[in-house]
Amino acid sequence: MKVYTETITFSTSKRFELVDITYRVEEIVEKSGVRNGIALVFAPHATAAIIANEHESGLIEDILTKIKELTEPGSSKWKHNMIDDNAHAHIGSALIGADRAFPVINGHLVRGTWQNIFLVEMDGPRSRRRVVVVVLGE
Amino acid sequence: MKVYTETITFSTSKRFELVDITYRVEEIVEKSGVRNGIALVFAPHATAAIIANEHESGLIEDILTKIKELTEPGSSKWKHNMIDDNAHAHIGSALIGADRAFPVINGHLVRGTWQNIFLVEMDGPRSRRRVVVVVLGE
Amino acid sequence: MKVYTETITFSTSKRFELVDITYRVEEIVEKSGVRNGIALVFAPHATAAIIANEHESGLIEDILTKIKELTEPGSSKWKHNMIDDNAHAHIGSALIGADRAFPVINGHLVRGTWQNIFLVEMDGPRSRRRVVVVVLGE
């Protein structure tokens, strides 16, 4: 049995942004030496999320539009905004989730043709966003 | 340590549909020989999702109603609809998630009495939807 | 390879509530003896969910407010409410998800500073809510 862990670190440049981390995750899976198992992609952040979907610029805007509609940035109804003006980002992270798991088969990450892996930044810019990847299997 | 992987393939018949795959996932877990561990249920698709919930016909309609309200099929505000008329399905897949994981204890998939496992079709009908199941443990 | 499983049981006291289970999950991870791997936190319930986010009383209210807005408790449009008045809780559990996974590194659960782990009660009070934790690794 093998367990391989690596952390990706990067900065974000906008308040709302999708950062494509697909190729970095795939590299980690290949480096892990795991032939069959799973890869967990996890953001240790309460104001970001992890999603899998198509890397198409229009769609990226659509996903961010929907997240803003859903989480209502700057709304005076959010009590947390009295402390820190980012309740929307916490709500988005909680409901969407900061983890996604993928199969690993024959040494490769399994994903659909249109499933790229993104960190969803909802409270940027941040200088040090991290994504922990755990590859587990044999 | 054991890793067992199997892919379920099926077609969907409607644009929006919940396809119950509980018993096929349970069969795979039993076939895997894994006594204790986890089962990852993963759809390699960007316009479908995986959920766990009750198989009751009224509720199935309710879940699809909510997903449509949330993702707004056919809306002219979605930029991705200029390319392909399915932005709603991508948004639904991204936010709900295409993966769910379950414990495996004593050779059985652990789920609640009212937790059946469904593929959520949001851009059907499709002739070849796939669900990859990875069972991992000892 | 090690697999360690333990179930947390507790009661909830309100219809809508976030129950912080972080320290109980961390204890299980430490007890497991797993140094590196993953921890799956799973609620075998169709009317509850699992999330990770900040334990701040204002934010907790905000998250519950958003879940109620999203799932519309008591709405006459939900067909499932003809059978049992909790369609909202099923919809919330299906969309948010009843599972979250975390890395385990050097014998500790990995989570962000503001990522506590909560069961989301959406149909309480309940006398016997369960959360199954599976720790898997080496």
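The values are calculated or read from the model by the stated rules, or taken from the named source; none is laboratory data. Worth saying up front: this structure is predicted, and the values here are computed from it rather than measured. Here the Cβ is made from the backbone with ideal geometry for all residues, glycine too, and neighbour counts use every protein chain on show.
Might you check whether a residue that is surrounded by fewer than 21 Cβ atoms within 10 Å (Cβ to Cβ), without any contact (Cβ under 8 Å) to a residue 12 or more places away in the chain and away from every other protein chain (no Cβ under 13 Å) occurs anywhere in the stretch B:22-35? Can you show your working first?
Filtering the stretch B:22-35 down to residues surrounded by fewer than 21 Cβ atoms within 10 Å (Cβ to Cβ) leaves B:22-24, B:26-27, B:30-31, B:33, B:35.
Okay, now just the ones that are also without any contact (Cβ under 8 Å) to a residue 12 or more places away in the chain, so B:23, B:27.
If we keep only those that are away from every other protein chain (no Cβ under 13 Å) as well, we get B:23, B:27.
Yes.
Considering (1) within 14 Å of chain B (Cβ to nearest Cβ); (2) under 16 Å from the mean Cα position of the chain (by Cα); (3) closer than 29 Å to C:Gly137 by Cβ, the lone condition that A:Met1 does not fulfil carries the number (2).
The single residue among A:Thr7, A:Thr12 that is surrounded by fewer than 16 Cβ atoms within 10 Å (Cβ to Cβ), in contact with a strand residue (DSSP E or B) (Cβ under 9 Å, 6 or more places away or on another chain), closer than 25 Å to C:Gly97 by Cβ and hydroxyl-bearing (Ser, Thr, Tyr) turns out to be A:Thr7. If we scan the stretch B:93-107, do we find a residue that is surrounded by fewer than 22 Cβ atoms within 10 Å (Cβ to Cβ), touching a strand residue (DSSP E or B) at 6+ places or on another chain (Cβ under 8 Å) and more than 7 Å from chain C (Cβ to nearest Cβ)? No, the stretch B:93-107 has no match at all. Every listed requirement among (1) under 24 Å from B:Val135 (Cβ atoms); (2) in contact with a helix residue (DSSP H, G or I) (Cβ under 7 Å, 6 or more places away or on another chain); (3) within 13 Å of chain C (Cβ to nearest Cβ) is met by B:His55 save one, (2). Only one of the numbered conditions (1) surrounded by 18 or more Cβ atoms within 10 Å (Cβ to Cβ); (2) over 16 Å from the mean Cα position of the chain (by Cα); (3) charged (D, E, K, R); (4) under 26 Å from A:Ser127 (Cβ atoms) is not met by A:Glu17, and that is (2). Of C:Arg130, C:Arg111, all but one fail to be under 13 Å from C:Ala48 (Cβ atoms) and of a type in the set (Lys, Arg); the exception is C:Arg130.
Among the residues of the stretch B:113-131, at least one is outside any helix (DSSP H, G or I), without any contact (Cβ under 8 Å) to a residue 24 or more places away in the chain and either within 11 Å of chain C (Cβ to nearest Cβ) or of a type outside the set (A, V, I, L, M, F, W, C) (or both).
Checked against (1) more than 9 Å from chain C (Cβ to nearest Cβ); (2) part of a helix (DSSP H, G or I); (3) touching a helix residue (DSSP H, G or I) at 6+ places or on another chain (Cβ under 9 Å); (4) small (Gly, Ala, Ser), B:Ala39 passes all but condition (2). When the residues of the stretch A:86-107 are filtered to those that are part of a loop (DSSP other than H, G, I, E, B) and under 19 Å from C:Gly112 (Cα atoms), which remaining residue is farthest from the chain's Cα centre (by Cα)? Taking the candidates together, the pick is A:Asn86.
Return the total of residues in the stretch A:42-52 being small (Gly, Ala, Ser), within 17 Å of A:Arg129 (Cβ to Cβ) and part of a strand (DSSP E or B). Counting residues in the stretch A:42-52 that are small (Gly, Ala, Ser), within 17 Å of A:Arg129 (Cβ to Cβ) and part of a strand (DSSP E or B) gives 2. Checked against (1) in a helix (DSSP H, G or I); (2) within 13 Å of chain B (Cβ to nearest Cβ); (3) more than 20 Å from A:Lys77 (Cβ to Cβ); (4) acidic (Asp, Glu), C:Glu69 passes all but a single condition, namely (3). Being under 26 Å from C:Asp85 (Cα atoms) and either modelled with pLDDT under 95 or not small (Gly, Ala, Ser) (or both) is the filter here; which residues of the stretch C:10-43 pass it? Within the stretch C:10-43, C:Phe10, C:Thr12, C:Lys14, C:Arg15, C:Phe16, C:Glu17, C:Leu18, C:Val19, C:Asp20, C:Phe42 qualify.
Number of residues in the stretch C:36-58 that are under 15 Å from the mean Cα position of the chain (by Cα) and touching a residue at least 60 places away in the same chain (Cβ under 8 Å) equals 16.
For the stretch C:74-87, check the following and say yes or no: at least one residue is touching a helix residue (DSSP H, G or I) at 6+ places or on another chain (Cβ under 7 Å), crowded, with 24+ Cβ neighbours inside 10 Å and touching a residue at least 24 places away in the same chain (Cβ under 8 Å). The answer is no, given that none of the residues of the stretch C:74-87 is touching a helix residue (DSSP H, G or I) at 6+ places or on another chain (Cβ under 7 Å), crowded, with 24+ Cβ neighbours inside 10 Å and touching a residue at least 24 places away in the same chain (Cβ under 8 Å).
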